[in-house]
Structures are given as structure tokens and as C-alpha cells.
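**Q** Okay, here's the structure, questions in a sec.
Taken together, the values in this text are just the output of simple stated rules run on the coordinates, not laboratory data. All of these numbers come straight from a predicted model, not from anything done at the bench. Don't worry about glycine lacking a Cβ; one is built from the backbone with ideal geometry, like all the others, and counts go over all protein chains shown.
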Amino acid sequence: MEDKLLLSLLQKNARMKITDLAAALEETKDNVIDRLTELEKEKVICGYHTIVNWDLTHAEIVTALIQINANPEREYGYDRIASRIYKFDEVDTMYLLSGSFEFVAIVKGKTMQEVARFVASKLACLDGVTGTSTFFVLKQYKNNGVVLIEDEDGSNDRLVVTP
């Protein structure tokens with residue numbers, strides 16, 4: 001069984017039925033279930049998520065991207081400072097990057113003030129953090145490959161390209 005194809009199918013639709021996965025992979029249901037169990041134990045599959053367009057709900061959610069500058073620690077590099085940051089409940093996602101800053105964290109809160117308080121009182125004052133820059137998300141167009149808005153002409157179709 002090709003893990004790459006299995007993972008790709010699940011990433012596109014985590015609710016895909018085992019029977020459909022087995023058919024697409026030309027495997028038995030039991031083999032697919034066994035492989036999924038192994039991939040979950042190995043932490044290759046870390047969860048099954050739903051993409052929600054919060055703009056269409058009445059939920060109060062603010063998302064911010066925070067650039068974080070930090071100094072690496074001897075023997076640990078950036079891992080220990082990253083661990084202190086990503087353990088905060090407010091941090092949804094975090095990456096180590098190349099470029100002019102070390103990390104970007106995606107932070108969620110109920111209000112801009114709540115996110116600002118988090119940055120000022122918890123994040124910016126951590127040992128090793130040398131600076132932050134906060135960008136609030138104003139509108140979300142696409143999330144994990146899923147387009148969340150209708151194009152101006154009422155469709156999400158891409159232009160046809162022919163040779």
C-alpha cells in the first residue's frame with residue numbers, strides 16, 4: 001500500500017469511508033485499517049480536522065500571524081524557545097523559518113485586544129524572544145487548499161490552460 005496516496009486521499013477528505021479508501025488503494029478494508037492505526041501510532045497522522053469558515057458564523061474569533069525574533073540557545077538551538085511558545089493555548093500553529101525572523105506563530109483569540117495582551121504579557125517577555133511583529137487577519141480566502149469565498153463572477157473556477 002502506498003502511504004503517500006493514502007495520506008493524500010485523507011488530507012483531501014478526512015471523512016472518506018474505509019471502503020472507498022480500500023477501493024482507491026486496491027487494498028482490503030482490514031489492510032487499510034491496520035495501516036491507518038500504524039500511521040496514527042507513529043504520529044504520521046496527527047489528527048483529523050474540519051475546515052471552518054468562521055466568517056460565516058456568529059463566533060468571535062480573531063486570527064493573527066506573529067513574526068517572532070529569537071536568539072538560539074547553546075546545545076538546543078531554537079527548539080527550547082519554540083517549546084515555550086507553542087505550549088501556550090493561544091498558539092494554534094507555529095513554524096521555524098529561514099529569513100529575517102525565526103518563527104511565525106498563528107494565534108487565535110476572541111478580540112484584537114486579547115491577542116495584543118497575549119503578545120505583550122506572555123510572548124514578548126519570554127527569555128530568548130528579541131522582538132515580535134503582529135499581523136491581524138482581515139479576511140480569509142483559502143485555507144488548507146479549500147477556497148472559502150465565491151469569486152466576483154460567482155465561481156471558483158480556474159482558467160483553462162491548453163497547450
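**Q** Pairs Lys110/Lys142; Lys87/Lys122; Lys4/Lys43; Lys87/Lys139; Lys87/Lys142: which exceed 19 Å Cα-Cα?
**A** Among Lys110/Lys142; Lys87/Lys122; Lys4/Lys43; Lys87/Lys139; Lys87/Lys142, the Cα-Cα distance tops 19 Å for Lys110/Lys142; Lys87/Lys139; Lys87/Lys142.
**Q** What is the angle, in °, between the Cα long axis of helix 29-41 and the longest principal axis of the Cα atoms in the chain? Nearest 10 is fine, range 0 to 90.
**A** Tilt relative to the chain: about 10 degrees.
**Q** Using a ≥ b ≥ c from the Cα gyration tensor of region 1-41 (square roots of the eigenvalues), is it rounded, prolate or oblate, where a/c under 1.5 gives rounded and otherwise the larger of a/b and b/c decides, a/b for prolate?
**A** The shape class here is rounded.
**Q** Stretch Glu42-Lys29 to full length: gain in nm at 0.36 nm per residue minus the Cα-Cα span?
**A** So the extension gain works out to 2.7 nm.
**Q** Report, in whole Å, the centroid distance computed from the Cα atoms of region 10-41 and region 112-153.
**A** 34
**Q** Could you give me the ³J(HN,Hα) list for region 101-108, computed from phi with Karplus coefficients 6.51, -1.76, 1.60 and θ = phi - 60°, whole Hz, x at Gly and Pro?
**A** 9, 8, 10, 10, 10, 9, 10, 10
**Q** Rank Asp55, Asp151, Asp92 by mean-square fluctuation in a GNM of the chain with C-alpha springs under 10 angstrom and give only the top-ranked residue.
**A** Asp151
**Q** What residue among Ile149, Ile45, Ile106 shows peak mean-square fluctuation when the chain is described by a Gaussian network model with Cα springs under 10 Å?
**A** Among Ile149, Ile45, Ile106, the largest mean-square fluctuation in the Gaussian network model of the chain belongs to Ile45.
**Q** Take the alpha carbon gyration tensor of region 1-98, find the square roots of its eigenvalues, order them as a ≥ b ≥ c, and report rounded if a/c is under 1.5; if not, report prolate when a/b exceeds b/c, else oblate.
**A** oblate
**Q** Roughly what angle does helix 3-12 make with the longest principal axis of the chain, taking Cα atoms, 0 to 90 degrees, to the nearest 10?
**A** For helix 3-12, the angle is close to 70 degrees.
**Q** Rounded to the nearest 0.05, what FRET efficiency do Leu138 and Gln11 give with R0 = 25 Å and r taken as the Cβ-Cβ distance? Could you check?
**A** The formula returns an efficiency of 0.40 here.
**Q** Would you mind telling me which residue in Tyr48, Tyr141, Tyr95 has the biggest mean-square fluctuation in a Gaussian network model of the chain, where springs connect alpha carbons within a distance under 10 angstrom?
**A** Tyr48
**Q** Follow-up question, since we're still on this one. Is it possible to state the helix-based mean residue ellipticity at 222 nm for the chain, with each DSSP H run of 4+ residues giving -39500 (n - 2.57), the sum divided by total residues, to the nearest 500 deg cm²/dmol? What is it?
**A** Computed mean residue ellipticity for the chain: -8000 deg cm²/dmol.
**Q** Please give, to one decimal in nm, the separation of the simple spin-label points placed at Asn53 and Lys110, each 7 Å out from Cα toward the Cβ.
**A** If labels sit at Asn53 and Lys110, their model points lie 2.6 nm apart.
**Q** Excluding residues on the same chain fewer than 8 positions from Lys29, give the aspartates and glutamates whose Cα lies under 18 Å from its Cα.
**A** In chain and number order, the partners are Glu2, Asp3, Asp20, Glu38, Glu40.
**Q** Please give the charge dipole size of region 1-142, origin at the Cα centre, charges +1 on K and R Cβ atoms and -1 on D and E Cβ atoms. Round to the nearest 20 debye.
**A** For region 1-142, the charge dipole is close to 480 debye.
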